[in-house]
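In what follows, a single structure is set out as structure tokens and then discussed.
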Amino acid sequence: MKQWLWLSVVVLVLDQASKWLVLATLQPYQVIELLPHLNLTLMFNTGAAFSLLSDAGGWQRWLFAAFALAVTLVLVLWLLRLRPGEGWLAAGLALIIGGAVGNLIDRMLLGHVVDFIQVYLPFIPLALFNPWPSFNVADSAISVGVVLLIIESLRGQRTDGAAAEGR
């Protein structure tokens, strides 16, 4: 299933190209409204998801980089061991791999991850995550990949349960 690594490369290229375009055109925290609840806003995240440990003093850069590298290697090995017919699982793994490498490159080259997509969720009270924490193409790919893994896991459980009932 190594042919699915093309999807990782596409995610990586789109992620890095979008980040460098935003870095070249926006000033930090400059807001450009694209749609009524969607902005482009250049921000830098030295932490992990939702800026976890962003104020830890710098050591977190190496921790998150090592974690991303380890996870990427495990996911690549998992992807390479998949059987034909496990395309949705392969797609999910490939999306996560591409996103993890995209953010790893930022962390290693810049010391932080470049985020620029800012969403306001009108159905959430203002005090709770509004705006939603900024994110990027890599984060989006990771999120979609995780959803695909969860769906495949639930499908597998349903199939296993149906097979067990048939015995």
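We did not get these values from a lab; they are worked out from the coordinates using the rules stated. Everything numeric in this text was worked out from a predicted model, so none of it was measured. Backbone-built Cβ (ideal geometry, glycine too); neighbour counts: all protein chains shown.
Determine, from the Cβ-Cβ distance of A17 and L82 and an R0 of 25 Å, the FRET efficiency 1/(1 + (r/R0)^6), rounded to the nearest 0.05. Spell out each step's value before the answer.
On the way: r = 28 Å, r/R0 = 1.13.
Taking R0 as 25 Å, the efficiency between A17 and L82 is 0.35.
For the pair L110 and I151, what calculated FRET efficiency results from E = 1/(1 + (r/R0)^6), where r is the Cβ-Cβ distance and R0 = 45 Å, to the nearest 0.05?
In this case the efficiency is close to 0.85.
So what J values fall out for the range 23-40 if you push phi through Karplus, 6.51 cos²θ - 1.76 cosθ + 1.60 with θ = phi - 60°, rounded to Hz, Gly and Pro as x?
With coefficients 6.51, -1.76 and 1.60, one gets 4, 7, 10, 10, 8, x, 6, 5, 10, 10, 7, 8, 9, x, 9, 9, 10, 9 Hz.
With r as the distance between the Cβ atoms of V71 and Q30 and R0 = 35 Å, compute the FRET efficiency 1/(1 + (r/R0)^6) and round to 0.05.
0.60
What are the residues whose amide H is under 5 Å from the amide H of L38, where those residues sit 5 or more places off or on another chain and H is modelled from the backbone?
HN-HN under 5 Å from L38: Y120.
What is the fewest-to-most order of I97, I117, I150 by other Cβ atoms lying within 10 Å of their Cβ?
Sorted ascending by nearby Cβ count, the order is I150, I117, I97.
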